[in-house]
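Since every read-out is calculated from the coordinates, none of them should be taken as a lab result. Model, not experiment: these values are computed from the prediction. Every residue, glycine as well, gets a Cβ built from its backbone with ideal geometry; the counts of neighbours run over all protein chains shown.
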Amino acid sequence: MSRIGKRPVPVPAGVSASVDGQKVSAKGPKGELFFVANDEVSVKLEDNAIVVQPINQSKDARSKWGMSRTMIEGILKGVKDGFERKLEINGVGYRASMQGKNLQLALGFSHDVVYQTPEGITIAVPKPTEIIVSGINKQQVGQVAAEIREYRSPEPYKGKGVKYAEERIVRKEGKKK
């Protein structure tokens with residue numbers, strides 16, 4: 001049984017949420033998002049909280065129960081506070097800068113990598129070795145951060161590359177004579 005799905009999702013102050021059939025919409029200070037729940041679960045708005053229940057006790061319904069609750073919690077948090085992912089750049093000569101709305105990365109290639117910022121995402125570069133990706137959609141923020149990291153993911157010998165701020169690189173020992 002899902003333990004996550006049993007808890008109702010409280011609607012935070014400053015956010016208006018509505019349930020229309022399987023569609024849950026949330027509007028807050030950061031923007032507006034919606035989530036369409038699967039037909040295997042029922043969604044209701046009760047006492048300023050969203051309650052998710054499985055339609056029946058089949059394995060399929062129970063597996064979508066907790067996921068639906070987590071997605072609804074994510075859109076409510078996104079429209080209120082938003083999400084952000086921090087990336088760090090390690091390496092001699094590796095740096096990042098903003099060029100208009102695009103992110104320009106010098107990662108040791110013969111040319112600079114220019115990453116076009118998608119709609120709904122904000123990229124900030126407070127230091128040349130730090131990138132902050134922020135937005136209201138958790139999935140989109142994570143996807144953009146992963147795409148930027150993919151240009152030069154950290155290597156295990158010297159630790160050079162683009163890594164998440166909370167990521168720990170397991171270092172390997174080099175060759176010995």
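A simple rule links phi to the HN-Hα coupling: the Karplus curve 6.51 cos²θ - 1.76 cosθ + 1.60 with θ = phi - 60°, which for region 16-27 gives 10, 10, 9, 10, 10, x, 9, 9, 10, 10, 9, 10 Hz, with x for Gly and Pro.
Seen against the Cα atoms of the chain and their longest principal axis, helix 59-80 is set at about 70 degrees. Partner lysines whose Cα lies under 30 Å from the Cα of K160, excluding those fewer than 8 positions away in the same chain, are identified as K86, K101, K127, K138, K172, K175, K176, K177. Modelled spin labels at A146 and R7, positioned 7 Å past Cα toward Cβ, are 2.5 nm from each other.
Summing charges over all other residues whose Cβ lies under 9 Å from the Cβ of G108, with Lys and Arg as +1 and Asp and Glu as -1, gives +2.
Ordering L107, V41, V51 by the projection of their Cα atoms onto the charge dipole of the chain, which places +1 on the Cβ of Lys and Arg and -1 on the Cβ of Asp and Glu, puts L107 at the extreme positive end. Placing +1 on the Cβ of every Lys and Arg and -1 on the Cβ of every Asp and Glu, with nothing else charged, gives region 8-122 a dipole about its Cα centre of roughly 160 debye. Within a straight-line Cα-Cα reach of under 15 Å, K27 can be paired with the following aspartates and glutamates, leaving aside sequence neighbours fewer than 8 residues apart in one chain: E73, D81.
Peptides 107-116, 38-47 ranked from most to least packed give 38-47, 107-116, packing being the mean of other C-beta atoms within 10 angstrom over each peptide's residues. When the inverse distances between all different Cα atoms of the chain are averaged and flipped, the Kirkwood radius reads 18.6 angstrom. So if R0 is 35 Å, what FRET efficiency would K172 and E130 give, r being the distance between their Cβ atoms, rounded to the nearest 0.05? According to the calculation, E is roughly 0.85. The ranking of I123, I132 from fewest to most other beta carbons within 10 Å of each one's beta carbon is I132, I123.
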